[in-house]
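Data block below; observations after.
The values are calculated or read from the model by the stated rules, or taken from the named source; none is laboratory data. Since we're looking at a predicted model, the values are computed, not measured. Cβ placement follows ideal geometry from the backbone for every residue including glycine, while neighbour counts extend to all protein chains displayed. Keep in mind that these areas ignore ligands, DNA and RNA; they rest on the heavy atoms of the full protein, side chains included. Shrake-Rupley method; radii C 1.70, N 1.55, O 1.52, S 1.80 Å.
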Amino acid sequence: PAVTSPCKILKCNSEFWAATSGSHHLGAEEAPEFCTALRAYAHCTRRTARTCRGDLAYHSAVHGIDDLMMQHNCSKDGPTSQPRLRTLPPGDSQERSDSPEICHYEKSFHKHSATPNYTHCGLFGDPHLRTFTDTFQTCKVQGAWPLIDNNYLNVQVTNTPVLPGSTATATSKLTIIFKSFQECVDQKVYQAEMDELPAAFADGSKNGGDKHGANSLKITEKVSGQHIEIQAKYIGTTIVVRQVGRYLTFAVRMPEEVVNAVEDRDSQGLYLCLRGCPLNQQIDFQTIRSAQATEGRARRKGPSLPAPPEAFTYETATAKCREKLPVEDLYFQSCVFDLLTTGDVNFMLAAYYAFEDVKMLHSNKDKLHLYERTRDLAPGNTAPSGTLPVLWVVLLCLSQCWLCLL
């Protein structure tokens, strides 16, 4: 069954947006009506506070309400009935095409310097993570985890079990918060869940709001309910979100300067796109894959787990993945692993689209394919993955020479 969130913050956001759209164009006499809508908004968030405790969009809305009440001198006591619905007047920021230069990253930050270095991060499947440093990992990470957290935006994912009783997880919810930036954009929240991939921000808008450079942040729907793209030109960032089967995939292209823009560098280790998954959350699926190939049957990540809906053998999973991923890199291996783990053929498509996004977003076309290990070595084990096989060959040769001498 699809996971439905009891947190109703998106409903609160959309009601407030519908009630106040265009009110900033009206005179001061409309301030009481705006305050009434704000109080209704605050009341709505309080009603859903218990179920939204860990929701980024909820906390963003609460802080936003406080700020707006201060700006408009609104009293927290008073009527909370919703004012009449408004329509966006002509010339609203939704239609603006002009933006100040500061709202275009390459023009403003790098006018007299070299082209910025772009990096890529992606999350897909069961789930597999490609970090900004091109490290590839397979992780457990059940529940809510931060992907990105810097001065410009936050990204958080929620991973849920694919099958009851299984440790195989996939991304069922995604929250992106674009923080308010100078004269370019207002704070905007994008939230997607299983079977709900909106083509707009939580407040119903499709751009950065009411500031002059609002169109430096835009959502474009590529395939209805399946593929959206968010362009944040003011920070040189492109984000791709897809729903493949029941689950979500995430991919981003971001300048290194933006990746590293954090006030507290110690906190960078908290988010996955920069540091990767914690060691105790990583899975070396190559080792499991070798065991699966040797045994010739699907193995689960946990003991005594229910059988997947469609049982794949190593051979049939390999053949299926080769249909979309002819190069046997880590994306191909992820596909095989996911089919054996979940039995869901949509995970093959998730791996395929993840690689398609890499081809579109990665700035170094020589690094599209990855072949390295998928689990970091434990502290102190700093030898490269190829060192042990080489040492084994050397020792074998030495032993043969010793026998000859005897």
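Taken over region 141-239, the percentage of Cα pairs per 5 Å bin, counting from 0 up to the bin with the maximum distance, is 3, 13, 22, 22, 18, 11, 6, 3, 2, 1, 0. Charge tally for HIS227 (other residues, Cβ to Cβ under 11 Å; Lys, Arg +1; Asp, Glu -1): -2. In terms of distances greater than 22 angstrom between alpha carbons, the cross-link table entries LYS76/LYS218; LYS179/LYS218; LYS222/LYS359 yield LYS76/LYS218. Working from label points 7 Å from Cα in the Cα-to-Cβ sense, the LEU368 to LEU279 distance is 3.5 nm. Could you tell me which of rounded, prolate or oblate describes region 102-276, using a ≥ b ≥ c as the square roots of the eigenvalues of the alpha-carbon gyration tensor, with rounded for a/c under 1.5 and, failing that, prolate when a/b is larger than b/c and oblate otherwise? The shape class here is oblate. What is the local net charge at ASP357, summed over the other residues whose Cβ is closer than 15 Å to its Cβ (Lys, Arg +1; Asp, Glu -1)? Neighbour charge sum, excluding ASP357 itself: +4. In this simple spin-label approximation, ALA200 and ASN73 carry label points 7 Å from Cα along the Cα→Cβ vector, and these lie 3.3 nm apart. Annotation for region 153-187 versus region 197-233: alpha-carbon center distance of 16 Å.
When each of the peptides 120-128, 59-67, 42-50 is scored by the mean number of other C-beta atoms lying within 10 Å of its residues, the order from highest to lowest reads 120-128, 59-67, 42-50. Solvent exposure of region 102-276, expressed per residue, is 35 Å² of accessible area, with all protein chains present and a 1.4 angstrom probe. For LYS211, the amide hydrogen comes within under 5 Å of the amide hydrogens of ASP186, counting only partners 5 or more places away or on other chains and with H modelled in the peptide plane. Each Lys or Arg adds one and each Asp or Glu takes one away; over the other residues whose Cβ falls under 10 Å from the Cβ of HIS120, this sums to +1.
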